[in-house]
Protein chains: 4
Amino acid sequence: MSIRVGIVGISGFGGGEALRLIASHPSFELVYAAGESSAGSRLVDRFPGVPSKLAGLEIARWDPEALPDLDLLFASLPTGASAEALARVPEGVKIVDIGGDHRYVDGWTYGLADVWPERIRGQTRIANPGCFPVATLTALAPLLVGGLIEPGNIVIDAKTGISGAGRGGDSRFGYAESNENLQPYGLLQHVHMPEMATTIAHLAGGAAEGLVFTPHLVPMTRGLLVTIYGRGTASTGQCLEAARAYYAERPFVRVTERPPQTKWASGSNLAFVSYAADPERDLVIAMGVVDNLGKGAAGHAVQNANLICGLPETAGLEGAPVWP
Amino acid sequence: MSIRVGIVGISGFGGGEALRLIASHPSFELVYAAGESSAGSRLVDRFPGVPSKLAGLEIARWDPEALPDLDLLFASLPTGASAEALARVPEGVKIVDIGGDHRYVDGWTYGLADVWPERIRGQTRIANPGCFPVATLTALAPLLVGGLIEPGNIVIDAKTGISGAGRGGDSRFGYAESNENLQPYGLLQHVHMPEMATTIAHLAGGAAEGLVFTPHLVPMTRGLLVTIYGRGTASTGQCLEAARAYYAERPFVRVTERPPQTKWASGSNLAFVSYAADPERDLVIAMGVVDNLGKGAAGHAVQNANLICGLPETAGLEGAPVWP
Amino acid sequence: MSIRVGIVGISGFGGGEALRLIASHPSFELVYAAGESSAGSRLVDRFPGVPSKLAGLEIARWDPEALPDLDLLFASLPTGASAEALARVPEGVKIVDIGGDHRYVDGWTYGLADVWPERIRGQTRIANPGCFPVATLTALAPLLVGGLIEPGNIVIDAKTGISGAGRGGDSRFGYAESNENLQPYGLLQHVHMPEMATTIAHLAGGAAEGLVFTPHLVPMTRGLLVTIYGRGTASTGQCLEAARAYYAERPFVRVTERPPQTKWASGSNLAFVSYAADPERDLVIAMGVVDNLGKGAAGHAVQNANLICGLPETAGLEGAPVWP
Amino acid sequence: MSIRVGIVGISGFGGGEALRLIASHPSFELVYAAGESSAGSRLVDRFPGVPSKLAGLEIARWDPEALPDLDLLFASLPTGASAEALARVPEGVKIVDIGGDHRYVDGWTYGLADVWPERIRGQTRIANPGCFPVATLTALAPLLVGGLIEPGNIVIDAKTGISGAGRGGDSRFGYAESNENLQPYGLLQHVHMPEMATTIAHLAGGAAEGLVFTPHLVPMTRGLLVTIYGRGTASTGQCLEAARAYYAERPFVRVTERPPQTKWASGSNLAFVSYAADPERDLVIAMGVVDNLGKGAAGHAVQNANLICGLPETAGLEGAPVWP
């Protein structure tokens, strides 16, 4: 039996990736797509390679009170745009909010699916984690839970492909200015920090004081790597072992001895984590790689949707990464 | 019932893409992978994101006389390396040769799947077309068959991503020298010309004299576009109409009014074709876009394999293109 | 003695490249820079690496009637924006218009500097050629003048880096959508065609009927290649010889036997031309490579300025290309 | 009076950039170029855009005992290849070794030109700093000298373009595998660490214990950024002020309030440094940007050569960065 699915925010990169994944999902049927800049077009006008069965679907103007009969809605709206609107969606419609408005908000479950799937099953309102938090928290969770890294004074040096800056017309993200350019930004002030600090404290059972987060824009379309520096006296082997045990039953997290590369995850819902430690120096380095639009956004959202719909967690997410 | 499949040439880009597609194919079970540089490794050592069920498969040294029990073999070997070796594969093993050694060779069927699927069904030895010929012939077939373009004096200006130059260590294809660089090569002498001329003549029922083919390396990993200039008095609308009719029942060819872009096909088995004509100038422009590793290599090979195995032609090939 | 120079359109890519070249020109002193989006900033705010001597220059709002005392003005304005405004610049100020409004307009000299420097010397109003015409005409001029190619039925398949699409916020030129994408556009209708047809006819002494021009956007920042197909019975050697003779005394045009690559010209004012011919097929292929912002825009403009100011033609333009 | 200059290692990226800079240097005359893979070719065969005056120079096979009459030699050889060979160069020939063999070696001066030019003047054997150390030490020097950062426990998260991995045929640096890929490597073991630790200790007057250095390969040709995390209680403003004072008379270091981007330095000899600090958290972040082939290699080498030859420090290095 198919689940009737809608996407709002189809014009953006997160919405587009959700479309790609839903189109080949064995249990989802896309019946509604809404967008701002593309309303009135058919899907095939925006996505020339969309499967034929969806080509003619007309993109609606987003109106939470004029939805068709839906079981599930994916929302991928700009920050600030979803809080009020999603409150008007009928209660019977399950929602996964890919945007940032509902993270650690009452009535919504923070959907860190690889770490706590059991909290997500059975819920109906899921706040998908941000792309930087996903990579960071997936790498840190086994160490925090196992007491192998201190929750305070963690430094996250993060690097994302430019699709992470969203679609839209800022010339800073134009090809000619972004290509052959590496850009740090938002030092000591990034919006993702509270979400990370809250989760770190939760996992560690202690405050994540002094968290530092420095994001950089890398000249590539997709991909996200965090290189995390923390304090701890575990060895590299102990960190790897803790992660292997923690994720032994989880389908999407791969623990590797080699430092992970962003291309390993491209187009997939995988996360790669690895570690390097120097106990004499009281140093633990944790690394996490995801596709910022996959595990960092739409892939993770589909995983959350599978959990809340009672489907196999991996449904529609088994595609291997694209290489090269 | 699953079909037991092998890949030889797993280290290269074509072999790697075959692996990705076979890994999520509903009827194929990968039981054998062989390579030169990677023999002795496990699949996961070379492809960190490979599905877990295949992770531990050991890469064999290629030996056509030491194959396991196989139903189907995909060969992706360098030019010159497959002719002798594939002759030693047992007759009962179906073969799709992604490499160039068997195109228009006796005993092998030239597998231009979107144009003549009926010739492929029931065969056991398929020579997959080259990436440039696929894009070219898919764009030209409706015009040639319909008499809308002359078979002589066709000019093909072709552009491919750098994965088309194959893997391996030539510093000309190194990142630093290829990036921000557009390189024409092989003027008036490219190896793909006989294959194209033969097929054009066959489709048109007349000689493809004076064929010109100019390939260019474009600084991108994947993607292939041909811009073809020929003589004819049809209008743009007549060309589009001919192509729509020709491909009406074919699942992978999309006829578009907009000039197609390579990203439309990325990661998929789709081909996009479009046309612009100026009857007063006796000019027809045909354009074809494919992913050079998808429809231009491994995707096409899986399509051919579906045809010779009696499977639905689209099995395992329904994934939408990756965007952006 | 230094020449007092201004730039209008400093915010765009052409204006920025003009700034770079003027900053190290031995006879030019930049005293005025005007722009739209950047008015009120200092040069260093927009160009963090600008030489210290220019860092504090304030960017003015463009007003042709409020110019400081100037000898020479470079204009790099969007199409349609310069015609009216430049008419109000005092007569005593020499102008090189990098934009397209004055090409083949009365009172302005079409500044195809490598082909007809003698027409440019002594003039005061120069229309700089477009980037595509520069590469095309530089490659074709020796053949047209020598009767080695027919002026009719020439097909120009052109490829440009994305800076050729100009700055500004169109999301089509955003990094995520342009990267790994090759995009044909403007088939049978591009704005540069009349400029090319007029010059071809002029050089050949016969009409350039049936000219075909197909531009493509290539995922690289800078660089432009034209691959030109025409009719003629000369050999490759005869074409090369004609070009060597034609450009023997010209400092910026290099005739090569290898097909030229765009990176060869990057950051320089050089043009590379090469040829491949098949007399039996009545075919001549000409290739031209430039940096679209160098010889295709600002470099060419400085060369024109040198000519009209009575300076050595190569002043400020002797920098070798950047490699890799 | 011109200085007779040679380059050994002309085939590599560092040697090529040295060629570009020397070709337009007002006091240098290139009379000798040696390389391994290119011996026997003319310069123009390897560098199609080389200035005409140098085009015909034949590339010699490197032999330190068969040098022409030289005043100055730039060596850009692989690690391990220069120690023995350069010992055989006649004493009267000044040497700048761009390679790594002579850093902190007796008889050689470590040429950190922006920090200690006075130590370099008058010397004849200069070891050019590595690309990562240049960016790191230029950013840290004002803080270390001023006591604004502790010399211990510094974490350097470094990102370089792929030309930093050198030329040559490793397929890991091939376009298809490096593009759209971000790769950490060499964790806790990079060869540049002793050079950095020694200099940090020297500048701070205290041991650089616990230094951490994590390099990453970024998919771009040129550019290098270090993001450095250290301990200190200075404010952002104090750090900026210290750097402005420290570099007030130095021509190539720019102190910026905005986080610097790699493109700001592209093709130039500039270094950009910036800072962000949080005294309450005992945190100082320092950032340094260079072009890894410019200030990180050949540009720095020319600067050192200017210093040892008694020329103006900026001779031949005044070109503004290439943008975009």
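The values are calculated or read from the model by the stated rules, or taken from the named source; none is laboratory data. Keep in mind it's a predicted model, so treat the numbers as computed, not measured. We place every Cβ from the backbone using ideal geometry, glycine too, and count neighbours over all the protein chains shown. These accessible areas exclude ligands, DNA and RNA; they are computed on the full protein's heavy atoms, side chains included. Shrake-Rupley method; radii C 1.70, N 1.55, O 1.52, S 1.80 Å.
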Exposure ranking of B:VAL31, A:VAL89 by accessible area [1.4 Å probe, largest first]: B:VAL31, A:VAL89
Within the range D:131-292: Cβ-based charge dipole about Cα centre, in debye rounded to nearest 20 (Lys, Arg +1; Asp, Glu -1): 400
Placed amide H near D:GLY210: partners under 5 Å, 5+ positions off or other chain: D:ASN153
Label 7 Å beyond Cα on the Cβ vector: C:GLY56 copy-to-copy distances, nm: 5.0, 6.9, 7.3
Residues D:ARG119 and B:ALA55, FRET efficiency given R0 of 51 Å [Cβ-Cβ distance, rounded to 0.05]: 0.40
For the range D:131-292, share of DSSP beta bridges that run antiparallel, in % to the nearest 5: 70
All-pairs alpha carbon distance profile, the range B:147-215, 10 Å steps from 0, percent: 18, 41, 24, 15, 2
Backbone N within the range D:257-293 under 15 Å of label point (7 Å from D:THR314 Cα along the Cβ vector): D:268-271
Positive-pole candidate from C:THR199, C:TRP264, C:VAL284, dipole of the range C:131-291, charges at beta carbon: C:TRP264
Nitroxide proxy distance, nm - points 7 Å out along Cα→Cβ at D:GLU257 and C:ASP282: 6.9
Across B:LYS159/D:LYS295; C:LYS53/D:LYS53; A:LYS159/D:LYS295; B:LYS295/C:LYS295; A:LYS94/B:LYS263; A:LYS295/B:LYS159, pairs whose alpha-carbon gap is larger than 29 Å: B:LYS159/D:LYS295; C:LYS53/D:LYS53; B:LYS295/C:LYS295; A:LYS94/B:LYS263; A:LYS295/B:LYS159
Distance in nm between pseudo-label sites at D:GLU84 and B:THR198 (7 Å out along the Cβ direction from Cα): 5.4
Area hidden from solvent between D and C (accessible, protein heavy atoms only, 1.4 Å, total, Å²): 2500
Crossing angle, helix C:236-246 versus chain C [Cα axis fit, 0-90 degrees, rounded to tens]: 40
Rounded accessible area of B:GLU118 (nearest 10 Å², 1.4 Å probe): 110
Cβ-placed point charges (K, R +1; D, E -1), dipole of the range C:187-251 about Cα centre in debye, nearest 20: 160
Amide proton proximity set for B:LEU293, modelled H, under 5 Å, gap of 5+: B:GLY223
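Could you tell me whether the range C:66-211 comes out rounded, prolate or oblate from its Cα gyration tensor? Rule is a ≥ b ≥ c as square roots of the eigenvalues, rounded for a/c under 1.5, then prolate if a/b exceeds b/c, otherwise oblate. The partial results should precede the final answer.
Working: a/c = 2.30, a/b = 1.09, b/c = 2.10.
Judged from the Cα gyration tensor, the range C:66-211 comes out oblate (a/c at least 1.5, b/c at or above a/b).
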Degrees, to the nearest 10: D:13-23 long Cα axis against longest axis of chain D: 70
Other copies of D:GLY205: label-to-label distances in nm, shortest first, labels 7 Å along the beta-carbon direction: 4.7, 8.3, 9.5
Karplus-derived HN-Hα couplings along the range C:199-207 (A = 6.51, B = -1.76, C = 1.60, θ = phi - 60°), whole Hz, x at Gly and Pro: 6, 4, 4, 4, 5, 8, x, x, 5
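Rounding to the nearest 20 debye, state how big the charge dipole of the protein assembly as shown is about its Cα centre with +1 on each Lys and Arg Cβ and -1 on each Asp and Glu Cβ. Write out the running numbers ahead of the final one.
Values: 96 positive and 128 negative charges, 1 e Å.
Here the size comes out at about 0 debye.
Please compute the contact order of chain A in relative form: average sequence separation of alpha-carbon pairs under 8 Å and at least six residues apart, divided by the residue count, as a percent. Numbers along the way, then the final one.
Numbers: 749 pairs, mean separation 59.7, N = 324.
Over chain A, the number comes to 18 percent.
When the solvent-accessible surface of protein heavy atoms is calculated with a 1.4 angstrom probe, in what order do D:GLU180, D:GLU91 fall, highest first? Spell out each step's value before the answer.
On the way: D:GLU180 25, D:GLU91 165 Å².
Ranked from most to least accessible, the order is D:GLU91, D:GLU180.
Nearest 5 is fine: what % of DSSP beta bridges in the range A:252-324 come out antiparallel, could you say?
Values: 8 of 11 bridges.
So the antiparallel bridges in the range A:252-324 amount to around 75 percent.
Please work out the FRET efficiency for the pair B:ALA207 and A:ARG4, using the Cβ-Cβ distance as r and a Förster radius of 41 Å; give the result to the nearest 0.05. Could the numbers behind the result be given before it?
On the way: r = 56 Å, r/R0 = 1.37.
Given R0 = 41 Å and the Cβ-Cβ separation, E is 0.15.
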Area accessible to solvent at B:GLU58, 1.4 Å probe radius, in Å²: 120
Positive-pole candidate from D:GLY232, D:LEU211, D:PRO251, dipole of the range D:131-292, charges at beta carbon: D:PRO251
Helix D:299-309 vs. chain D, principal-axis angle (Cα, 0 to 90°, nearest 10): 70
Mean residue ellipticity (222 nm) of chain A, computed from DSSP H runs ≥ 4 via -39,500 (n - 2.57), nearest 500: -6500 deg cm²/dmol
Sparse-neighbour loop sites [GluC sites (Glu not before Pro); the range D:194-266; at most 16 other C-beta within 10 Å; DSSP]: D:GLU209, D:GLU249, D:GLU257
At most 16 other Cβ within 10 Å, DSSP loop - trypsin sites (Lys or Arg not before Pro), the range A:1-89: A:ARG61, A:ARG88
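What is the range D:131-292's relative contact order, in percent, from Cα pairs under 8 angstrom and six or more apart in sequence?
Working: 359 pairs, mean separation 51.5, N = 162.
RCO, the range D:131-292: 32 percent.
Using just the Cα positions, wrap the range A:131-291 in a convex hull and report its mean projected area in square nanometres, one decimal place.
Working: hull surface 37.3 nm².
Directional mean of the projected Cα hull area for the range A:131-291 stands at 9.3 nm².
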A:GLU65-A:ARG231 FRET efficiency (beta carbon distance; Förster radius 41 Å; 0.05 resolution): 0.20
Farthest positive-ward along chain C dipole, Cα basis, beta-carbon charges - from C:GLY122, C:SER274, C:VAL93: C:SER274
Accessible-area order (highest first, 1.4 angstrom probe) of the listed residues A:SER178, C:SER76, D:SER2: D:SER2, C:SER76, A:SER178
Bridge type composition, chain A - antiparallel percent by DSSP, nearest 5: 45
Per-copy distances of the C:GLU280 label point, shortest first, in nm (7 angstrom along Cα→Cβ): 3.7, 7.3, 8.2
